[in-house]
Amino acid sequence: MKKTILMLIIFITAINFAISQSKNNEIPFNMGIYGGLNFNFHTPSFTYEVYDNNKSLVGNMVHSKNANSVGGNFGFIASIPLSNMFYLSGRLGYNMMNGTLDDNIIATNQTKASLSYLEISPILQIHNLIENQGLYLLAGLELGVPLTKSYEFNYTASNNVTYLGDKTDIPDAATRVALAVGAGWMFDLGSNVFLSPEVSFRIPFSKVSNSSIFDKWEIPQLRAGINLTFGFSKDEPKPIIEKDKYINVGMKEITGLDLQGKKIPANKIRVEETQYTELFPIVPYVFFDENKAEPNPRTQKLNASREAGSFSIEGLEPDAIKINSNTLDIIGVRMQQDKNASIKLIGTIDNKNEKPTSDLAKRRAEFAKNYLVVNYGIEGNRITTEATGLPSKPSSTKDKDGIEENRRVEIVPQNINSTLLKPIVIESDRQRLANPPIIQFTPSVELSEGLEIEGWELEIKQSGRTLKTYSGFGSPESIQWNISPNELASNEIPADYNLTVFAKDGTKGNYSSSIPVEFLSISKKKETQSADKSVAKFSLVLFDFDSPEVSELDKRIIDQYVIPAIKFNSTVQIYGYADRIGSEDYNKKLSMQRAESVRKILQSKLKDVKFEVYGVGEAVQPFDNNLTIGRQLSRTVQIYVITPIK
């Protein structure tokens, strides 16, 4: 056996050194002939009785010595490609396994076996193991149906009389079943002609005979041969001359939008310094990714887990989304300040991809409680937890956005007059407001044939400072830049923007330009005797999904913040909005109902005030609807109290 393995290694190594020509990686369906030598290793362990012509017993032939012989094999072969690596090779041929077995005691006593088989072999070939080399491995089954299956003997008895047995069939000759493993090397001779030297070793699972006399006789086999096959492939395609790839990016339109969503010119942005107050509401929800018990840091920043005292409400940026990405920290600070405040945390699941039988809702509520207890030292008895399925007032259970919003923890203050969810109010005598307040970019994209757009990114800068970055997948459509107060600097440097569109293969296209900026300061308005004004902006965002009803919390905000800001000469503009879930027409109607609900409350308490009411719907998205918190904030009514200053 050691000699066999050594011969196999030497054969493959010799082929490897002999090859210098690389081969085609793709091999077509091919068929042809094969042939080679067999090295048969007979391993007998049986004894049979020898009789003379008179049927008298003259002795026993004992065989337990291994014997080697050489034979041949030849036949037809066909290989079918399953992939660029795997090929199914079928072989039909003739396999010779004759051999002479010596008697254990007297070497001249011999049994000569005539064995040959009709071979049917399904073989799996594994190609392209080494790039641009012809090496392949093979493994499969050898199935052999006996064709010749006889034996004769030469036996010298103890009386020195020699007996010659006539050819006799081996009783119960068995179908040969063997495992074939090996390797080969395929030469591409050109014009779809292949020459493949090959070696393999055959490990038998069956015996030569099922007879009780010859039942311990197996024949492992080493083969060395060559295959000559001819490929059958379609005409080779003409080479494709690849054209230069390109993505041409431009702008169909850049326009401004007013707060109603109506288009206005955007040939420049006017930045006006104004006395300004803005109220930022707190959304009492913390959102979670699917099957996660901890919030995604992208949507909920866990500041207190850094350094003690590193978070302060006063240090928050005046941005509704950024403020509501710190909900747990805001609640933690306020519960430290109000020792009598207590809350209930209700964990929910989407009831779609998250199963009610899991404890996920409970773990979400417990995570929020543990965060407040560990990082803010809140006593555990001030926080109760509850787990449920869907929220009591869920978002859409049929829309992807709505399903995502139902994975949350709801924060419910237990005191009627609790201030834990009171809005954050920022006042300033000098806030910079932009007009138009919204810039809408409508890109145009052309790309070469065969390219597929993967995504895009729009970056807006002023004086090299990044103001906003928007991104998305697929081809860009309309992109809205909602200009926050103080976002543009107090100068007349243009706002630069760059849109990049990139394909899946890495090809990119860019479009860059700028929008002029005009700055009007308070002192400049005084010099030109321009009319000045104060602006107070209030957002009410506890509208439930698909509901125009004003919540009790928002009613308190109206009484506490909005009504005191309205003077006898104020104009009150009320804008209703909706998130992107649902049809555009329905959302416009819903947003008007929300705005009207707020107007009725204000009008019941204020007389002789000028109201302007608008239902904007989803035409303007005041917040990023790709974010769960952005969609919650977009279910809003925004109230602008504009008061002239003399």
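The values are calculated or read from the model by the stated rules, or taken from the named source; none is laboratory data. All values derive from a computational prediction rather than experimental measurement. Note that each Cβ is placed from the backbone with ideal geometry, even for glycine, and that neighbours are counted across all protein chains shown.
Brief remarks follow.
- One residue from 579, 624, 554 being crowded, with 18+ Cβ neighbours inside 10 Å, among the acidic types (Asp, Glu) and out of contact with any Ser or Thr (no Cβ under 8 Å at 6 or more places or on another chain): 554
- Of all residue pairs spaced 6 or more apart or on separate chains, none has beta-carbon atoms under 8 Å together with a first member in segment 320-332 that is assigned to a helix (DSSP H, G or I) and a second member that is of a type in the set (Lys, Arg) and surrounded by 24 or more Cβ atoms within 10 Å (Cβ to Cβ).
The rows are residues; the columns are (1) in contact with a strand residue (DSSP E or B) (Cβ under 8 Å, 6 or more places away or on another chain); (2) outside any helix (DSSP H, G or I); (3) aromatic (Phe, Trp, Tyr); (4) touching a residue at least 12 places away in the same chain (Cβ under 8 Å).
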site: 574; (1), (2), (3), (4): yes, yes, no, yes
site: 581; (1), (2), (3), (4): no, yes, no, yes
site: 591; (1), (2), (3), (4): yes, no, no, yes
site: 601; (1), (2), (3), (4): no, no, no, yes
site: 611; (1), (2), (3), (4): yes, yes, yes, yes
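- Of all the residues in segment 166-207, those that are assigned to a strand (DSSP E or B) and either within 23 Å of residue 38 (Cα to Cα) or hydrophobic (A, V, I, L, M, F, W, C) (or both) number 26.
- Among the residues of this structure, residue 568 does not count as one that is hydrophobic (A, V, I, L, M, F, W, C), in a loop (DSSP other than H, G, I, E, B), modelled with pLDDT under 90 and in contact with a Gly (Cβ under 9 Å, 6 or more places away or on another chain).
Residue-by-condition table, conditions (1) buried (at least 22 other Cβ atoms within 10 Å of the Cβ); (2) of a type in the set (Ser, Thr, Tyr); (3) outside the structural domain of residue 496 (by TED's automatic domain parsing):
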{"residue": "267", "(1), (2), (3)": "no, no, no"}
{"residue": "270", "(1), (2), (3)": "no, no, no"}
{"residue": "314", "(1), (2), (3)": "no, no, yes"}
{"residue": "317", "(1), (2), (3)": "no, no, yes"}
{"residue": "320", "(1), (2), (3)": "yes, no, yes"}
{"residue": "333", "(1), (2), (3)": "no, no, yes"}
{"residue": "338", "(1), (2), (3)": "no, no, yes"}
{"residue": "342", "(1), (2), (3)": "no, yes, yes"}
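- Residue match in segment 517-530 (condition: modelled with pLDDT under 90, farther than 30 Å from residue 396 by Cβ and in contact with a helix residue (DSSP H, G or I) (Cβ under 6 Å, 6 or more places away or on another chain)): no
- Within the option set 161, 199, 181, being buried (at least 20 other Cβ atoms within 10 Å of the Cβ) and either modelled with pLDDT of 90 or more or closer than 21 Å to residue 110 by Cα (or both) holds for one residue only, 199.
- Considering segment 365-462, the qualifying strands (runs of 3 or more DSSP E), each wholly inside and each with 3 or more residues that are under 15 Å from residue 344 (Cβ atoms), run over 383-387, 408-413.
- Counted residues, segment 442-471 - those being in contact (Cβ under 8 Å) with a residue 60 or more places away in the chain, buried (at least 17 other Cβ atoms within 10 Å of the Cβ) and over 27 Å from the mean Cα position of the chain (by Cα): 1
- Inspection of segment 141-160 identifies at least one residue that is in the same structural domain as residue 197 (by TED's automatic domain parsing), closer than 30 Å to residue 226 by Cα, in contact (Cβ under 8 Å) with a residue 24 or more places away in the chain and among the small types (Gly, Ala, Ser).
- In segment 416-430, of all residues being charged (D, E, K, R) and loosely packed, with under 15 Cβ neighbours inside 10 Å, the one that is nearest to residue 333 (Cα to Cα) corresponds to 427.
- Of residues in segment 126-149 being part of a loop (DSSP other than H, G, I, E, B) and surrounded by fewer than 16 Cβ atoms within 10 Å (Cβ to Cβ), the one modelled with the lowest pLDDT: 132
- Every listed requirement among (1) hydroxyl-bearing (Ser, Thr, Tyr); (2) touching a residue at least 60 places away in the same chain (Cβ under 8 Å); (3) under 30 Å from residue 356 (Cα atoms) is met by residue 428 save one, (3).
- Matching residues in segment 31-46 - criterion: being over 19 Å from residue 206 (Cα atoms) and not small (Gly, Ala, Ser): 31, 33, 34, 37
- Among the residues examined, residue 570 does not qualify as over 46 Å from the mean Cα position of the chain (by Cα), surrounded by fewer than 18 Cβ atoms within 10 Å (Cβ to Cβ), among the hydroxyl-bearing types (Ser, Thr, Tyr) and more than 24 Å from residue 325 (Cβ to Cβ).
Matching residues to (1) among the aromatic types (Phe, Trp, Tyr); (2) over 22 Å from residue 631 (Cβ atoms); (3) in contact with a helix residue (DSSP H, G or I) (Cβ under 6 Å, 6 or more places away or on another chain):
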| position | (1), (2), (3) |
| --- | --- |
| 340 | no, yes, no |
| 350 | no, no, yes |
| 376 | yes, yes, yes |
| 391 | no, no, no |
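- For segment 298-315, residues that are at pLDDT 85 or above and in contact with a Ser or Thr (Cβ under 8 Å, 6 or more places away or on another chain) total 2.
- Note on segment 208-222: residues that are touching a Phe, Trp or Tyr at 6+ places or on another chain (Cβ under 6 Å), surrounded by 21 or more Cβ atoms within 10 Å (Cβ to Cβ) and in a loop (DSSP other than H, G, I, E, B) total 2.
Here is a yes/no grid of residues against (1) small (Gly, Ala, Ser); (2) under 60 Å from the mean Cα position of the chain (by Cα); (3) more than 24 Å from residue 37 (Cβ to Cβ):
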| residue | (1), (2), (3) |
| --- | --- |
| 80 | no, yes, yes |
| 89 | yes, yes, no |
| 101 | no, no, no |
| 109 | no, no, yes |
| 131 | no, yes, yes |
| 137 | no, yes, no |
| 142 | no, yes, no |
| 155 | no, no, yes |
| 159 | no, no, yes |
